[in-house]
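Step one of this worksheet: look at the structure below.
None of the figures in this text is laboratory data; all of them are computed from the coordinates on show. Note that the coordinates shown come from a computational prediction; the quantities given were computed from them, not determined experimentally. We place every Cβ from the backbone using ideal geometry, glycine too, and count neighbours over all the protein chains shown.
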Amino acid sequence: MGEEKVLFDVVDGVGAVTFNRPDQANAMDLEVMQHLMHISIECDEDPAIRSVIITGNGSFFSAGGDLASFQSAGDHAGSLIKEMTTYYHAAISRFSRMNAPVIAAVNGMAAGAGFSLVAACDLAIAAESSRYTSAYTAASLSPDGSSTYFVPRLVGMRRAMELMVTNRRLSAQEALEWGLVNRVVPDEELMGTAMDLARELAHGATLAFGKVKELLHNSFTGTLETQMEFEARGIAGLTHTHDGREGVAAFSEKRAPNFEGR
């Protein structure tokens, strides 16, 4: 991967993704987005990876897209952005569609595409010092990275509009109250808390987690009857998996289940 702008490691079934451009506020350039796409595919394909953490090195989670590269591209900025979003959106799609839950461990400012990524993750643990802003329209740009899909679902349309038009900055506590994050912890406890959760999920019912993600993503687009049919087919299908059979047996036998992600 050359100079590691994105670090990736797998420990105890957890894929740990770390943006590693602290001197550039972990801004995402073309190379970062390419790396993130490749990592997302690896996480989706490797059955040993059963949960994922995404965080940043330094005082920023991510400042979002690398605007300096946009400026350097000049008249070709549009072409550059189309290439960058091809990789970035593919990464978000893989993370969103795969079975393994994805946790954002938000260690500082999450702005622009970094803000979008927090919203796209399945769960978010926030450091007390973390901050959140859409930021796009401040540079006369419109949002990308799935934020116009996920943010209204998390905070509602009125608040999403406010965030994206006024670029209001949310504190960690405000992000919790608005539903953008799940939990706020002291800065020094962020990675320990996120890793504990990731390890717990990595030993959980991975296929059932994936079905939950799929069902929730579909829940805003179909009818009640369609959604219930998806639910019926989902739960029935899981009874044919190893973990589905193990979960039912463990409950009946009053013991802890041994899930294997298959």
- Excluding same-chain residues fewer than 8 positions from Lys82, which lysines have a Cα within less than 26 Å of its Cα? Lys5
- For Ala139 and Arg262 in the same chain, what is the full-extension length gain: residue separation times 0.36 nm, less their Cα-Cα distance, in nm? 39.7 nm
- Say the dipole of the chain comes from +1 at the beta carbon of Lys and Arg and -1 at that of Asp and Glu; which of Ser129, Leu224, Ser69 then lies farthest toward its positive end? Leu224
- If only Cα atoms are counted, what is the Rg of the range 206-252, and what is its Dmax, in Å? 11.9, 36
- Rounded to 0.05, the calculated FRET efficiency for the beta carbons of Leu7 and Glu253 at R₀ = 45 Å is 0.60
- His76 versus Thr221: modelled label distance in nm, points set 7 Å from Cα along the beta carbon direction: 3.5 nm
- Query: For Asp196, what is the net charge nearby, where nearby means another residue's Cβ is under 12 Å from its Cβ and Lys, Arg count +1, Asp, Glu -1?
  - Reply: -1
- Most packed first (mean Cβ within 10 Å per residue), the peptides 74-80, 8-14 order as 8-14, 74-80
- Message: When a/c reaches 1.5 or more, the comparison of a/b and b/c decides; with that in mind, is the range 6-202 rounded, prolate or oblate per its Cα gyration tensor?
- Response: oblate
- Along the principal axes of its C-alpha atoms, what lengths does the range 158-204 span, in descending order and rounded to whole Å? 40, 24, 14
- Message: What does the net charge come to around Arg153 if you take all other residues with beta carbon closer than 15 Å to its beta carbon, with K and R at +1 and D and E at -1?
- Response: +1
- Share of Cα-Cα pairs in the range 177-262 lying beyond 14 Å, as whole percent: 73 percent
- Query: Residues with beta-carbon under 15 Å from that of Glu214, excluding Glu214: net charge, scoring Lys, Arg +1 and Asp, Glu -1?
  - Reply: +2
- Message: Quick check: residue separation of Ile235 and Met161 times 0.36 nm, minus the Cα distance between them. What number comes out in nm?
- Response: 23.0 nm
- Item | CD proxy at 222 nm, helix term only [per DSSP H run n ≥ 4: -39500 (n - 2.57); per residue of the chain; nearest 500] | -15500 deg cm²/dmol
- Query: With charges set only on the Cβ (+1 for Lys and Arg, -1 for Asp and Glu), what does the dipole of the chain come to about its Cα centre, in debye to the nearest 20?
  - Reply: 700 debye
